[in-house]
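Structure, as C-alpha cells:
The values are calculated or read from the model by the stated rules, or taken from the named source; none is laboratory data. The model shown is predicted, which means the values in this text are computed figures rather than measured ones. With ideal geometry, Cβ positions are generated from the backbone for all residues, glycine too; neighbour counts draw on all protein chains shown. Heads up: the accessible areas ignore ligands, DNA and RNA and are worked out on the full protein's heavy atoms, side chains in. Shrake-Rupley method; radii C 1.70, N 1.55, O 1.52, S 1.80 Å.
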Amino acid sequence: GRCNTFLLLIAITIISSVFVGVYMTKRVNIPKHLLHNPSVFMEDLLTPEQGDTLMSLAKEMKEFPVNVADLKFYKTRHEHIGEAIPLKDGKCEHHYMVPSVNGTECVLPGRIDVGRHYILGGGVQGLKEDYSSLVSRLLSFGRYIFDPSEYDIVDELFSSETFQNAAKSVCPADKQVLDPFQFNFIVQVPGQTVALHVDGVYFWGATRFQIPQWLLAVMQFSGLFQDKFIDQIQVVGYFHRWEPTEERGGQFVYWDEESIEPRVIPPIPLAGSIVDGSKTVHAATVYQPHVKAPELDKSVENKLVYVGDEKWELFSNGTSVKTYNTDDLRWTIVYRARCFASKEEISKFRNLPDEETMSLEYILSTLKNDLIKRGKLDASSKLEPLELAELLLGEYVTYPLSPTAII
C-alpha cells in the first residue's frame, strides 16, 4: 500500500511539473519592433450602401478559391526556396506541403508560417484537434485584387475622407502619402478561422512578387532587414448583416503589447479596424466554434461558388460538399496601402530595377549568418532547403501561444 501511494505521489509530482512548466512557458514573445504600433477602430467605416455594393460585387465575382491558392491571382519569381519535390499520385504527402501553382510539384504554401503555428498550437483558442480538422479550419476563401482602381467601390473606399484621415493616423508622421495596392475579400464558412499572422510584408527590393510570403515573415520577425521595411496600413471591414455574439465568435484579435491576452474587437457590421498588419500580429477567433468545419483535402481544388438566390456552394475536387446561405458566412473586406514620404518615392518603389532587388541567395545568406551567430547553425552544416525552411520558421517566427490553453 505504501509503495503504491509513493508511486502515485511521484506520478502526480511529475504531471504537475509538466503542467506548471508548460503553463509558465512564455506565451508572448513578439519582437519589440512588432509591438506598440498605432491602430484605429471605426464603428461606421462603411455606409449601408457601400456594404450592399460590396456584397453585390462578391456575388458577381462568383468564385472564391481557398486562400492557400493566392498565387492564382499573381505571379512570384521564387515560389519556393528549393524544397520542391514531385507529387506522388497527384498528392502532397508531406504534412506541410501543397501542390505548386502549376500542379507538378509539392512546395511549402506561401503562408506556411501561419499554418504551421496553428497546427502546432491550436491558434488563439488552443484547440486540441486532429490534423485534418485543424487544416480544414484554416482553408477559408478569398479573392485578391492588386489593382484597386479596377473597381469603383474600392476607389471610393480608398479616397473617402474617413479612410484617408484614419489611415494617416496609422502611417508614420513622415510617411503620409498613401499608395493603395491591394484589395481582398476574405470569407469564412462556419467552423473556420483566420490564424495568427502578419500581413504580406513589403521591403525595398523584396515583396511577394519575388519570394514566398513565409520568407518575408521570417525577414520581418528577424529584425535584420528593418532599414528596408516599408510601412503600410490595412483596413479590415465587415459587410455581413448579422450581429456579433460571443457564441458566434469571429472576433478580430491583435497584440500591440507583450501581454498574454490580445485586444479583442467584435465583427460589427459595417465597422472596421485600421492597423499596420505587417508589423502587428493579428487573427480572428473561430467563427461559429461549435460547428465542425467541412473537411477539405489541401491537395485538391476547393472553392466557394455563388449559385444564386443567396446560396453558396462549397466544392471540393469538383464535388459539392455543402450549401450555405449568404448570412451563414463571415464576410470581410481588406484593403491595403503603403505609406511613403512622397509621390516620387512611390514612383521609385514601383519602378525599382531588378539589380536593386534582394536576391533569394542574399536573403538566405543573411539569415544563415545570423543563425550561426545565435548558435543555432554550424557554419559547416549543409542543410536541405526544407530543413532550412523549418529552422528559419522555428527560430524567428514567434506568434503568441494561446492565452487560455494549459497544454
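The table for this structure:
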{"read-out": "Alpha carbon centroid spacing (whole Å) that separates the range 101-129 from the range 331-407", "value": "17"}
{"read-out": "Under 5 Å, built H, 5+ apart or other chain: amide partners of Val194", "value": "Ala284"}
{"read-out": "For Asp276, residues with placed amide H under 5 Å, excluding near neighbours", "value": "Gln234"}
{"read-out": "Over 27 Å between alpha carbons, listed pairs Lys75/Lys376; Lys128/Lys298; Lys168/Lys373; Lys62/Lys298; Lys59/Lys322", "value": "Lys75/Lys376; Lys168/Lys373"}
{"read-out": "Kirkwood hydrodynamic radius of the chain, Cα pairs, Å", "value": "22.5"}
{"read-out": "Over the range 258-369, volume per residue of the alpha carbon convex hull, in Å³", "value": "274"}
{"read-out": "Eligible aspartates and glutamates near Lys72 by straight Cα distance, threshold 17 Å, same-chain separation 8 or greater", "value": "Glu63, Glu105, Asp147, Glu301"}
{"read-out": "Karplus 3J(HN,Hα) series, Hz, for the range 238-249 with 6.51 cos²θ - 1.76 cosθ + 1.60 (x for Gly, Pro)", "value": "10, 10, 6, 10, 6, 8, x, 9, 4, 5, 6, x"}
{"read-out": "Kirkwood Rh, angstrom, the range 81-224 [1 / mean 1/r, Cα pairs]", "value": "17.9"}
{"read-out": "Potential extension, Glu355-Val40 segment - 0.36 nm per residue separation minus Cα distance", "value": "109.6 nm"}
{"read-out": "Helical segments meeting 24 Å axial Cα length and Kyte-Doolittle -0.5 threshold in the chain (DSSP H)", "value": "2-24"}
{"read-out": "Gaussian network model of the chain, Cα within-10 Å springs - most flexible of Glu79, Glu313, Glu246", "value": "Glu246"}
{"read-out": "Accessible area in the full protein assembly, largest first, 1.4 Å probe, for Arg208, Arg248, Arg263", "value": "Arg263, Arg248, Arg208"}
{"read-out": "Alpha-carbon gyration tensor eigenvalues x 5, square-rooted, for the range 269-317, Å", "value": "27, 17, 14"}
{"read-out": "Set of aspartates and glutamates with alpha-carbon distance to Lys343 below 12 Å, sequence-local pairs under 8 removed", "value": "Asp179"}
{"read-out": "Whole-Hz ³J(HN,Hα) from phi, Karplus 6.51 cos²θ - 1.76 cosθ + 1.60, for the range 173-189, glycine and proline x", "value": "4, 8, 9, 9, 9, 8, 10, x, 9, 7, 9, 10, 9, 10, 10, 10, 8"}
{"read-out": "Rounded Å value of the spacing that divides the Cα centres of the range 262-330 and the range 197-248", "value": "18"}
{"read-out": "For the range 257-270, Karplus couplings with θ = phi - 60° (6.51, -1.76, 1.60), whole Hz, Gly/Pro x", "value": "8, 8, 9, 5, 8, x, 6, 10, 10, x, x, 6, x, 6"}
{"read-out": "Long-range HN-HN contacts of Gln182 with modeled amide H, under 5 Å", "value": "Arg336"}
{"read-out": "Estimated FRET transfer efficiency when R0 is 51 angstrom, pair Ser381-Val177 (beta carbons, to 0.05)", "value": "0.70"}
